[in-house]
Amino acid sequence: MPVVPATPQQLDRAAALLRKGAVVAFPTETVYGLGAAALDARAVARIFEIKARPAFDPLIVHVADEAMLEAIVESVPARAHALIERFWPGPLTIVMRKRAAVPDLVTAGLPTVAIRMPAHPVARDLIARARMPLAAPSANPFGYLSPTRAEHVERLLGERVDLVIDGGSTQHGIESTIVVLEPEPALLRPGVIAAEAIEEIVGPLAREHADASGLLAPGRLPQHYAPATPIRLIEDPTRVPPAERVNAALLAFREPAGGYRETRVLSASGDLREAAAHLFGYLHELDRSGVARIDAQRVPMEGIGIAIMDRLERAGNS
């Protein structure tokens, strides 16, 4: 699997590969995506094969402009237009009714499709050069930690991917917020954009908890985003018995605690956005450190902290 820089020449190469049915990993402002032509069912099937992803889990389709959006949805509701005007391009995914051209494999057989317009310039440029929307879940084995650097993709997926575009570390380090607007607005997955910011535009959001038999959006399985090393959620690492720290790692929110074999601090200043940006990268590092367990300290349940805790709870749910 070649890892190449995000130069115009390499983006043209990647776009040509995508038009031929290849699978290309690329950076977005959230995490690295594993992209294939969204309207090519055979190409999309390769995503599922590479990730070992269950077919009942729908994918997010990424578009470069509103013309691409209108080509894959029946219509854009007024409330969706309002959110697009405020948050696109950016880390907000909106679920809308799909056109027949969108393969059922993309949507897990649902009549709706999850769509976003990424803000990362490399992602936007690649989609524009490919001249088609891209289905792109996170570029990792299904259920494992999302990748925030090209090296994560290279290590996790090896030669199974045709090309990896290296755009450096991602900005946010956590996935997009997902909402559905019809029949009533609902939050399907917390993410970078806080629910409160969305509610300022569309009104109150119901909090959906679909089970695996009726998933409306990606990343909603009870166990997801999990490292290979067992993870335990804790409140205060200083209260963990010293004997339990010896062969364990600590993912602390603001301050380290002694006695752990490895420690990473998400944000010494308590900045939740900084914590989100570090989350998956630090978990990748701790997962490779050889410890028997990772103790992850809970963060405040406010703003993007809600999304961080969503990912940590899924990682620790077994």
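The values are calculated or read from the model by the stated rules, or taken from the named source; none is laboratory data. As the structure is a prediction and not an experimental result, all values here were calculated from the model. When we count neighbours, we look across all protein chains shown, and the Cβ atoms used for this are built from the backbone with ideal geometry, even at glycine.
All of (1) modelled with pLDDT of 95 or more; (2) within 20 Å of ALA71 (Cα to Cα); (3) surrounded by fewer than 24 Cβ atoms within 10 Å (Cβ to Cβ); (4) of a type outside the set (Gly, Ala, Ser) hold for THR107 with one exception: (1).
Checking THR229 against (1) more than 24 Å from SER138 (Cβ to Cβ); (2) of a type in the set (S, T, N, Q); (3) part of a loop (DSSP other than H, G, I, E, B); (4) in contact with a strand residue (DSSP E or B) (Cβ under 8 Å, 6 or more places away or on another chain): exactly one of these is not met. Which one? With (1) more than 24 Å from SER138 (Cβ to Cβ); (2) of a type in the set (S, T, N, Q); (3) part of a loop (DSSP other than H, G, I, E, B); (4) in contact with a strand residue (DSSP E or B) (Cβ under 8 Å, 6 or more places away or on another chain) applied to THR229, the lone miss is (1).
Taking region 60-112 as the range and being assigned to a helix (DSSP H, G or I) and of a type outside the set (A, V, I, L, M, F, W, C) as the test, the residues that pass are GLU66, GLU70, ARG79, HIS81, GLU85, ARG86, ASP104, THR107. Selection of region 157-207 for residues being hydrophobic (A, V, I, L, M, F, W, C), under 29 Å from THR7 (Cα atoms) and either surrounded by fewer than 19 Cβ atoms within 10 Å (Cβ to Cβ) or in contact with a Gly (Cβ under 9 Å, 6 or more places away or on another chain) (or both) yields ILE174, VAL192.
If you go through region 174-195 and keep only what is free of Cβ contacts under 8 Å to residues at least 60 places away in the same chain and not hydrophobic (A, V, I, L, M, F, W, C), you end up with PRO183, GLU184. Here VAL76, VAL113 are screened, and the one residue that is crowded, with 19+ Cβ neighbours inside 10 Å, in contact with a strand residue (DSSP E or B) (Cβ under 8 Å, 6 or more places away or on another chain) and touching a residue at least 12 places away in the same chain (Cβ under 8 Å) is VAL113.
Only a single item in (1) hydrophobic (A, V, I, L, M, F, W, C); (2) touching a Pro at 6+ places or on another chain (Cβ under 6 Å); (3) within 25 Å of LEU279 (Cβ to Cβ); (4) buried (at least 21 other Cβ atoms within 10 Å of the Cβ) is not met by ALA38, and it is number (3).
For region 33-58, a residue qualifies if it is modelled with pLDDT of 95 or more and in contact with a Phe, Trp or Tyr (Cβ under 9 Å, 6 or more places away or on another chain), and the qualifying residues are GLY33, LEU34, GLY35. Among the residues of region 149-179, the ones that are within 26 Å of ILE84 (Cβ to Cβ) and part of a loop (DSSP other than H, G, I, E, B) come to 8 in all.
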